[in-house]
Amino acid sequence: MKKGLLLLSMLTLASGYGQKKKEDKTQKIKPKAEFVADLMSKMTVDEKIYQLVQFTSDGTVTGPKSGDNYITRIQQGKVGSVLNATGAANNRMIQKIAVENSRLKIPLLFGHDVIHGYKTIFPINLGMASSFDPSAVEKAARIAAIEASAGGIQWTFAPMVDIARDPRWGRVSEGSGEDVFLGSKLAVANVRGFQGDDLSKNNTILACAKHFAAYGAAEAGRDYNTTDMSERVLRDTYLPPFQAAVDAGVKTFMASFNEISGVPSTANKHLLRDVLKGEWKFDGMVVSDYTGVNEMIAHGFAKDDQDAAQLALNAGMDMDMVGATFMNTLKKSYDEGKVSIEVINDACKRVLDVKYDLGLFEDPYRYFDEKREKENTYKPEFLDAALDVAKKSLVLLKNKNNVLPLKKDQKIAFVGPLVSDEFNIIGSWAALGERDGRAVSVKEGVMNVLGNSGKVTFDNGVEITGTKRDMMQAALNNAKNADVIVAVMGERENQTGEAGSQTNIDLPGLQKEFLAELKKLGKPVVLVLMNGRPLTLSWEDENMDAILETWWSGTRGGDAIAQTLFGDNNPNGKLPISFPRNVGQVPIYYNHKNTGRPYLGLSDPEQKYKSRYTDVDNSPLYAFGYGLSYTKFDYSNMKLSSEKIGFGQKVKISVDVKNTGNYDGDEVVQLYVKDVVGSVTRPVRELKGFEKISLKKGEMKTVTFEISSDDLKFYNINMQNTAEAGDFEVFVGGNSDASLNGKFELVK
Ligand code: GLC
């Protein structure tokens with residue numbers, strides 16, 4: 001038994017928890033402001049500082065090891081919050097130690113990374129972003145909150161809302177991709193899902209907008225690396241999803257590890273005090289990332305832990321995750337006049353406020369009911385929701401000669417290192433999601449669809465990243481007798497996520513070589529991808545007959561994939577991030593600037609002196625917003641309600657969308673707007689609306705968007721966040737290359 005747990009058990013017995021006695025009843029307490037002020041009036045400076053201290057449990061570390069005597073520190077009343085401790089019974093024991101051993105009986109706040117599910121795991125967030133369905137994302141967060149809160153958690157370190165345009169950075173998997181508009185909508189959906197409409201309910205949890213800020217802009221896509229940008233890029237591109245989270249009522253933020261233009265976010269006063277707590281009036285609490293305070297020494301921004309701690313607290317950081325710098329040094333800094341009681345009080349109040357909001361003062365044990373935990377885990381409706389969201393997150397990238405959907409009577413060779421995988425399929429940051437034995441693999445999903453009637457074989461052929469060739473021939477032997485080959489390939493889940501940066505984003509190992517051998521058999525080959533980042537797939541796009549992007553699709557992933565392959569589900573996801581032709585194009589994103597010498601492609605009469613590469617086209621292999629269907633959608637008849645609008649007025653843009661194919665299907669109709677001339681240069685186009693619609697075959701619907709001057713704001717030459725009069729072009733279609741267009745003028 002782990003040392004920590006043994007100690008915990010001894011303390012528990014000592015504390016008399018062993019006897020089943022009635023726990024504290026919920027008690028009526030004063031209104032928040034009064035209660036917190038009363039409590040703080042009784043607290044010593046030390047006790048206020050200890051509320052700003054968070055430690056990780058023994059069980060899981062999600063960063064550099066930090067020492068594991070956190071129980072002793074809880075006993076001494078030196079801890080305000082614990083991360084990575086899970087389970088109703090386990091966390092009740094820990095809470096009991098805190099409440100019964102601390103002078104003022106202040107309950108602990110239990111946090112965990114509930115990123116895309118707690119036990120029932122949903123697709124990774126980049127996968128859920130592919131659904132372009134905020135209601136689906138909200139549902140996933142709601143279910144995650146129900147399971148997590150029943151499991152003793154009151155705080156998730158999610159949503160990750162970092163805009164990311166560099167697939168070398170492994171953490172693209174955790175966010176909503178490259179676009180501000182989509183990222184902001186999904187930030188709101190996640191906050192609403194996690195926090196619900198009342199944090200005092202015991203099935204809602206604090207959300208945490210992270211990583212504040214610009215973490216996804218890491219130079220060269222290398223995790224934790226420097227970011228350096230203009231205030232305008234910061235405000236136009238990286239801050240909006242965080243502001244959307246604040247507007248949605250998010251109660252906590254997490255600072256990012258990176259520096260922004262020389263100042264680490266952890267002690268970035270401009271970011272934390274001027275913008276977040278000042279301009280945006282954020283009244284919640286800011287936690288550092290894991291030992292982020294200590295790391296300012298390595299940044300060269302602080303001399304030692306005490307320096308780092310006082311810089312962070314004075315800049316607006318309210319809680320120190322794991323680093324122990326606040327615990328060990330803030331009282332000394334206070335005695336030396338380096339931090340004021342006002343700053344300590346503000347941080348302590350913010351922590352106590354969220355504990356009050358959660359109802360922890362009324363009943364410190366309200367989240368630790370083992371019966372409720374059992375009843376609210378893996379409920380059938382949760383697993384069905386995981387299947388539903390997974391089906392919405394799959395993106396069909398290619399389908400030559402309609403090789404998909406497969407027919408159930410075909411002889412099919414399923415091959416590839418992920419064909420029977422139940423481990424990687426739930427992705428990284430999968431909290432307490434069970435892998436082998438619980439997650440549904442593609443193989444299991446196929447058997448669920450076909451029963452015993454299928455004429456199918458399953459062979460790994462190669463490893464994900466290994467170099468063993470001994471299984472390849474057996475797989476090829478089966479494949480050559482098939483009508484069609486389905487290759488299930490991709491990455492290991494830990495090749496993306498935190499500390500998962502790579503310079504090579506090809507299919508790893510011998511997978512491409514195996515595909516080439518399969519291709520030689522002269523059969524149609526369907527490539528099913530499981531990956532956490534855009535991969536470079538130019539060869540695959542050239543040589544495969546169909547490509548289905550499934551990301552890491554979660555506990556029911558295998559069912560979603562199989563039902564899609566056999567046509568029981570018509571794929572309807574769209575890419576939330578561009579796929580480069582090769583890594584040399586990175587960073588690549590759709591809402592780029594035009595430059596003074598834009599390259600117009602092969603038709604461009606001037607091929608030399610243009611902003612282009614001489615060895616590859618400028619365009620991505622697959623564009624933002626791109627995704628095919630088993631059916632076809634035609635766009636026509638764009639109409640604008642007026643050619644001119646004034647400030648504060650709206651223009652309606654409508655188009656007809658018709659399902660002209662042979663399958664019922666869903667389509668994400670997308671609206672892009674181009675600000676033709678600005679006081680600063682503007683992107684070639686920006687997503688300003690999307691709507692996912694269902695159309696039966698032959699059916700047509702009119703989709704209408706509304707645009708007002710507020711939707712056209714940006715930071716102008718004077719750093720004012722405003723729209724500017726002038727011409728605007730609009731484009732509507734099924735991806736960011738949409739060509740159906742119109743225009744209007746915004747007039748003073
Ligand atoms: C990690 C991650 C952060 C996570 C935290 C707690 O280092 O950067 O996203 O929430 O530590 O696990």
- Length gained when the stretch Glu434-Lys32 is fully extended (0.36 nm per residue, less Cα-Cα span): 140.9 nm
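Between Glu606 and Asn225, what FRET efficiency follows from the Cβ-Cβ distance if R0 is 30 Å, with the result rounded to 0.05? Please list the in-between numbers first.
On the way: r = 36 Å, r/R0 = 1.22.
So the FRET efficiency works out to roughly 0.25.
Rounded to the nearest 0.05, what FRET efficiency do Asp656 and Asn448 have when you use their Cβ-Cβ distance and R0 = 30 Å? Walk me through the numbers on the way to the answer.
Working: r = 38 Å, r/R0 = 1.28.
Once the sixth-power term is evaluated, E becomes 0.20.
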- Message: For region 72-197, what is the number of Lys pairs with C-alpha distance below 17 angstrom, counting only pairs 8 or more positions apart or on separate chains?
- Response: 5
- Message: I need the fraction of alpha carbon pairs in region 536-600 separated by more than 20 Å, rounded to a whole percent.
- Response: 49
- Task: Name all residues of region 516-555 having a backbone nitrogen under 19 Å from the label point set 7 Å from the Cα of Asn401 along its Cα→Cβ direction, giving them as ranges.
- Result: 516-528, 540-548
- Note on the structure: proj_area_mean for region 349-462 (convex hull on C-alpha atoms), units nm², value 11.7
- One finds, for Lys371 and Arg103 with R0 = 25 angstrom and r their Cβ-Cβ distance, a FRET efficiency to the nearest 0.05 of 0.20
- Task: Using label points projected 7 Å from each Cα along Cα→Cβ, tell me how many nm separate Glu279 and Thr702, to one decimal.
- Result: 4.0
- Subtracting the Cα-Cα distance of Ser135 and Val677 from 0.36 nm times their residue separation yields 191.6 nm
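Of the trypsin sites (Lys or Arg not before Pro) in region 81-133, which ones lie in a loop per DSSP and count no more than 10 other C-beta atoms within 10 Å?
Arg103
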- Message: Which three extents, in angstrom, do the Cα atoms of region 387-579 have along their principal axes, listed largest first?
- Response: 42, 33, 31
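By how many nm would the segment from Thr722 to Lys520 lengthen if fully extended, with 0.36 nm per residue of separation less the alpha-carbon distance? Could you put the intermediate results ahead of the total?
Numbers: separation 202, 0.36 × 202 = 72.72 nm, distance 5.76 nm.
My answer for the length gained is 67.0 nm.
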- Query: With respect to the cross-link table entries Lys632/Lys674; Lys407/Lys523; Lys32/Lys349; Lys411/Lys697; Lys408/Lys443; Lys277/Lys331, which display a Cα-Cα separation exceeding 19 Å?
  - Reply: Lys632/Lys674; Lys411/Lys697; Lys277/Lys331
- Spin-label point model (7 Å from Cα, Cβ direction): what's the Asn594 to Thr72 distance in nm? 6.7
- Message: Taking amide H atoms as placed 1.01 Å from N in the peptide plane, list the residues 5 or more away in sequence, or in a different chain, whose amide H sits under 5 Å from that of His211.
- Response: Val161, Asp162
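When the Kirkwood radius is taken over all Cα pairs of the chain, what Stokes-Einstein diffusion coefficient follows at 37 °C and 0.692 mPa s, in µm²/s?
Roughly 121 µm²/s, to the nearest whole number.
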- Item | DSSP beta bridge pairing in region 387-579, given as percent antiparallel to the nearest 5 | 15
- Task: Taking H placed 1.01 Å from N in the peptide plane, check which residues at least 5 places from Val286 or on another chain put their amide H under 5 Å from its amide H.
- Result: Phe253, Asp318, Met319
- Longest site-free stretch - the chain; sites: GluC sites (Glu not before Pro), DSSP loop, at most 11 other Cβ within 10 Å: 1-335
- Message: With the crude spin-label approximation of a point 7 Å out along Cα→Cβ, what separation in nm comes out for Ser642 versus Gln473?
- Response: 7.6
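Longer than 30 Å from Cα to Cα, which of Lys391/Lys688; Lys398/Lys692; Lys30/Lys379 are they? Say none if no pair is. Provide the component values of the computation, followed by the final result.
On the way: Lys391/Lys688 25 Å; Lys398/Lys692 20 Å; Lys30/Lys379 36 Å.
Pairs exceeding 30 Å: Lys30/Lys379.
Since every read-out is calculated from the coordinates, none of them should be taken as a lab result. What you are looking at is a predicted structure, and each value in this text was computed from that prediction instead of being measured. Reconstructed Cβ throughout: ideal geometry from the backbone, glycine too, with neighbour counts over all protein chains shown.
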